Amino acid sequence: EANSNFMLQAYSPCINAGDNTFAPTNESPYDVMGNPRIVAGTVDMGACEFYPIYVATNGSDAADGLTWATAKRTLQAAVDVAGAGKAVVASNGVYSTGGMTNAGAANRVCLTNGVCLYGANRANYTTINGTNGVRCAYLADDSRLAGFTLQYGFIANDGGGAYLENGAIVSDSVIKKNRAAHGGGVQGGTVWSSTLTDNRSPDGGAAIRSIINHSRLIG
C-alpha cells in the first residue's frame with residue numbers, strides 16, 4: 001500500500017495458511033513490522049503476521065488485549081494500545097461505552113493512528129451504539145472500520161454514524177438510525193459494500209461529501 005502497511009485484513013484467508021517450515025523462528029522470530037512471526041500456531045502468508053489487539057464486552061481495559069482471554073473492554077482502549085497500522089478485533093456484542101472527542105463531537109471510538117478496527121463476525125453480531133450527543137465513530141485519513149453496525153448516533157454537526165476524513169474507509173457495515181445536521185449516516189471518506197438505512201439529516205440524510213461504492217441506500 002501507499003503507506004507501506006502490508007498487514008492482512010481480519011477476514012483474510014491468508015491468516016494461519018502458511019507453512020511453518022518456511023518461517024524458521026530460530027533465524028528470524030519477527031515479521032517486517034517487528035511482531036512475532038508465528039502468533040496462533042501457524043504462520044500467516046505474507047510479509048506481516050496478523051497480530052491484533054482483542055476487545056470484548058466482558059473484557060477489562062486493565063488487561064493487555066493480546067488474547068481473547070485478556071481482551072480489552074472498550075473499543076477506544078484497544079485502539080489506543082494497538083499502535084500505528086495495527087488491527088483491533090472486536091467480539092460479538094454491543095459497544096456503548098468509552099470513546100473520545102474529535103471532529104466537533106464525542107465519539108464512541110476514534111481511529112486516529114492508522115488502526116484497522118474489525119468486527120470478528122461482521123455487522124450482524126457487532127454493534128457500536130451512539131447516543132444523544134455521541135457519534136458512533138471518527139476515522140482519520142489512514143484508518144479503516146469493517147464489520148460493524150453503527151447506530152443511534154445523534155449529534156448537532158456532521159456525521160451522526162461516522163465522520164470520515166478523506167482517506168478513511170468503512171466497509172461491510174450497516175449504518176442505521178443516526179441523525180446529524182449534515183450527513184445523518186456518514187460524513188466524508190469512502191464507504192464500501194455497506195447498507196445505509198433510516199438515517200436522518202436536513203442536509204444529506206444517508207451521507208454527505210462521501211464516495212459510496214457497492215452499497216445500499218434505504219429510507
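List of remarks:
- Distant-in-sequence amide H partners of Arg108 (H built 1.01 Å from N, under 5 Å): Arg135, Cys136, Ala137
- Normalised by the number of residues in the chain, the average gap of Cα pairs under 8 Å and 6 or more apart makes the relative contact order 11 percent.
- Computed from backbone phi with θ = phi - 60° and the Karplus coefficients 6.51, -1.76 and 1.60, the 3J(HN,Hα) list for segment 175-187 is 10, 9, 6, 9, 9, 6, 5, 9, x, x, x, 9, 10 Hz; x is used for glycine and proline.
- Cα-based shape type of segment 89-144, given that a ≥ b ≥ c are square roots of the gyration tensor eigenvalues and the cut on a/c is 1.5: oblate
- Residue-by-residue Karplus 3J(HN,Hα) for segment 65-76, coefficients 6.51, -1.76, 1.60, Hz, glycine and proline x: x, 7, 9, 4, 5, 10, 5, 5, 9, 10, 4, 5
- Of the chymotrypsin sites (Phe, Trp or Tyr not before Pro) in segment 140-203, not one is in a loop by DSSP (not H, G, I, E or B) with at most 15 other beta carbons within 10 Å.
- Computed over protein heavy atoms with a 1.4 Å probe, the carbon and sulfur contribution to the accessible area of segment 126-219 reaches 47%.
- Leu117 long-range amide H proximity, modeled H, under 5 Å: Val88, Arg144, Leu145, Ala146
- Full extension of the chain between Val32 and Ile211 yields a length gain of 61.2 nm, computed as 0.36 nm times the residue separation minus the alpha carbon distance.
- Average projection area in nm² (convex hull over Cα atoms of segment 134-219, one quarter of hull surface): 4.2 nm²
- With all protein chains in place and a 1.4 Å probe, the accessible surface of segment 16-75 carries 53 percent carbon and sulfur.
- Residue-averaged [θ]222 nm for the chain, counting only DSSP H segments that reach four residues, each worth -39500 (n - 2.57): -1000 deg cm²/dmol
- Straight-line reach from Lys72: taking Cα to Cα under 24 Å and skipping same-chain neighbours fewer than 8 places apart, the lysines in range are Lys86.
- Cβ-Cβ FRET estimate between Ala156 and Ser193, R0 fixed at 35 Å, reported to 0.05: 0.75
- Straight-line reach from Lys177: taking Cα to Cα under 18 Å and skipping same-chain neighbours fewer than 8 places apart, the aspartates and glutamates in range are Asp158, Asp198, Asp203.
- Excluding ligands, DNA and RNA, the accessible surface per residue across the chain is 44 Å² with a 1.4 Å probe.
- Rounded to the nearest whole Hz, the Karplus-based 3J(HN,Hα) values (6.51 cos²θ - 1.76 cosθ + 1.60, θ = phi - 60°) of segment 40-57 follow the sequence 10, x, 10, 5, 7, 7, x, 6, 10, 6, 6, 9, x, 9, 9, 9, 8, 5, with x at glycine and proline.
- Near Val32, the amide H atoms lying under 5 Å from its own belong to Glu49; only residues 5 or more places off or on other chains count, and H is placed 1.01 Å from N.
The values are calculated or read from the model by the stated rules, or taken from the named source; none is laboratory data. The shown structure was predicted, so the numbers you read here are calculated from the model rather than taken from an experiment. Using ideal geometry, Cβ is built from the backbone for each residue, glycine included, and neighbour counts are taken over all protein chains shown. Just so you know, the surface numbers come from the protein's heavy atoms only, side chains and all, with ligands and any DNA or RNA stripped out. Shrake-Rupley method; radii C 1.70, N 1.55, O 1.52, S 1.80 Å.
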